[in-house]
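Structure, as structure tokens:
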Amino acid sequence: MGLAATIALTWMSPALFHGAWRLALVQGVAAALWSKLFRQRYWWMPIHLLFMPMAIAMLILHVPSWCYLLIALLLALVFWGTVKGDVPLFLSSAAVADAVAAIVERENANKFADLGAGIGSVAVPLAAECRSIAIDAWECAPLPWLVTAWRCRKLPNMAAKRASLWDCNLVCYEVVFAFLSPAVMAELGEKVRHKMRPGSLFISSSFPIPDWEPESIVEVKDRRNTKLFCYRV
């Protein structure tokens, strides 16, 4: 859409769009505005705005072709869940980790699971604070899993599981935490309802489960004003 709008403006007034950089900037602005118009998530605006100028910059700098392959491989290692159609990497704040630890202690839980644990931003602090709780961090993306495994190497009560969250057997956990994506919450809600034990607790950061009233909502005072939706099975 942005490129089509730029081509139309260039045809209507070619004097205003002389030069590749000016054309790239106009295309980026137009694409960003279209992104806003179609109500895409806020992070798409800078992506649309900078894509064409960055492409031109890479051509001018004569970046070796292997650099693009290396960047693609690194992105695949970090965002493996997105590549396979699951969810992107979201990082939880320290305040969220503290709030989850408080909930787990109130539940008097013995076993805890973090689904899509990323780099262990919740699981690792929880394992360090609550040494009596067995914690499994489930992460399928290779690089975040490796970071989590390294961070928990001295925590005997925590294990980093290199597997998809969909392969996790939820029946053995009293509390399960996830910070995923709205796209999977309906399916995950069904899994939680049918696979977790009655009386256990599921905590979803930021994204509620459709058609399921949470038992409570914990508001965390962090930069995102995160909400923890707590569901009693």
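The values are calculated or read from the model by the stated rules, or taken from the named source; none is laboratory data. Nothing here was measured: the structure is a model prediction, and the numbers come from that model. FYI the Cβ positions are ideal-geometry reconstructions off the backbone, even for glycines, and counts take in every protein chain you see.
Mind counting the residues in the stretch 98-146 that are assigned to a helix (DSSP H, G or I) and crowded, with 21+ Cβ neighbours inside 10 Å?
Residues meeting the conditions: 9.
Looking at the stretch 184-206, which of its residues are part of a helix (DSSP H, G or I) and under 18 Å from LEU91 (Cβ atoms)?
Correct list: VAL184 only.
Taking the options ARG22, ARG41, name whichever one is at pLDDT below 75, not assigned by TED's automatic domain parsing to the domain that holds LYS195 and not in a loop (DSSP other than H, G, I, E, B).
Going through ARG22, ARG41 in turn, just one is at pLDDT below 75, not assigned by TED's automatic domain parsing to the domain that holds LYS195 and not in a loop (DSSP other than H, G, I, E, B): ARG22.
Which numbered condition trips up ILE209, out of (1) within 30 Å of LEU74 (Cα to Cα); (2) of a type in the set (A, V, I, L, M, F, W, C); (3) in contact with a helix residue (DSSP H, G or I) (Cβ under 8 Å, 6 or more places away or on another chain); (4) part of a loop (DSSP other than H, G, I, E, B)?
(1)
Could you check how many residues of the stretch 148-169 are without any contact (Cβ under 8 Å) to a residue 60 or more places away in the chain, surrounded by 20 or more Cβ atoms within 10 Å (Cβ to Cβ) and in a helix (DSSP H, G or I)?
Number of matching residues: 2.
Counting only residues that are under 18 Å from the mean Cα position of the chain (by Cα) and among the basic types (Lys, Arg), which one in the stretch 191-233 is farthest from LEU115 (Cα to Cα)?
Checking each candidate, the answer is ARG223.
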